[in-house]
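The values are calculated or read from the model by the stated rules, or taken from the named source; none is laboratory data. Note that the structure is a prediction, hence the values are computed from the model and not measured. Cβ placement follows ideal geometry from the backbone for every residue including glycine, while neighbour counts extend to all protein chains displayed. Accessible surface is based on the protein model in full, side chains and every heavy atom, while ligands, DNA and RNA are left aside. Shrake-Rupley method; radii C 1.70, N 1.55, O 1.52, S 1.80 Å.
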Amino acid sequence: MSVQITETIWLNQDEVCSLQHVAAVSGLSEADVMDLVETGVLSPVSGHADSGMFYSECIVVARKARRLRDDFDLNADGVALVLNLLRRVDALESELLALQPAARRSHQPK
């Protein structure tokens with residue numbers, strides 16, 4: 001029997017954390033986090049890369065980036081491409097779900 005340890009982090013959308021914290025919690029180096037900023041995957045609070053402060057929700061994206069990098073041996077550009085495509089798929093799925101109730105109403109017999 002094996003035991004799997006899971007780490008849980010409670011994230012508040014308005015909470016701000018430092019570059020060092022994002023790096024430590026995500027398993028990425030600070031340089032890797034800054035690569036994600038340069039590719040547009042992560043955005044600092046002020047919009048300026050030199051601010052070094054991020055909303056805590058960036059931790060989720062940074063952890064996903066680390067898993068993609070490690071699991072698929074991707075470079076920074078590959079990780080950025082995959083994350084942007086996943087973000088687009090999520091947006092399209094949300095859009096589709098929003099349209100489905102309207103489509104059902106219009107096809108119901110009167």
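Numbers at a glance
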| item | result |
| --- | --- |
| Condition broken by V79, with the remaining ones in (1) modelled with pLDDT under 90; (2) assigned to a helix (DSSP H, G or I) satisfied | (1) |
| Residue satisfying all of: in segment 39-54; closer than 16 Å to A24 by Cβ and outside any loop (DSSP other than H, G, I, E, B); nearest to the chain's Cα centre (by Cα) among these | F54 |
| Qualifying position, being open to solvent by less than 60 Å² (accessible area, probe 1.4 Å) and in contact with a strand residue (DSSP E or B) (Cβ under 9 Å, 6 or more places away or on another chain), among V37, V79 | V37 |
| Residues (within 19 Å of R87 (Cα to Cα), not polar (S, T, N, Q) and not in a helix (DSSP H, G or I)) located in segment 55-76 | Y55, E57, L74 |
| Members of segment 24-38 that are in a helix (DSSP H, G or I) and not hydroxyl-bearing (S, T, Y) | A24, V25, E30, A31, D32, V33, M34, D35, L36, V37, E38 |
| In segment 53-76, the residues that are open to solvent by less than 60 Å² (accessible area, probe 1.4 Å) and in contact with a strand residue (DSSP E or B) (Cβ under 9 Å, 6 or more places away or on another chain) | F54, S56, C58, I59, A62 |
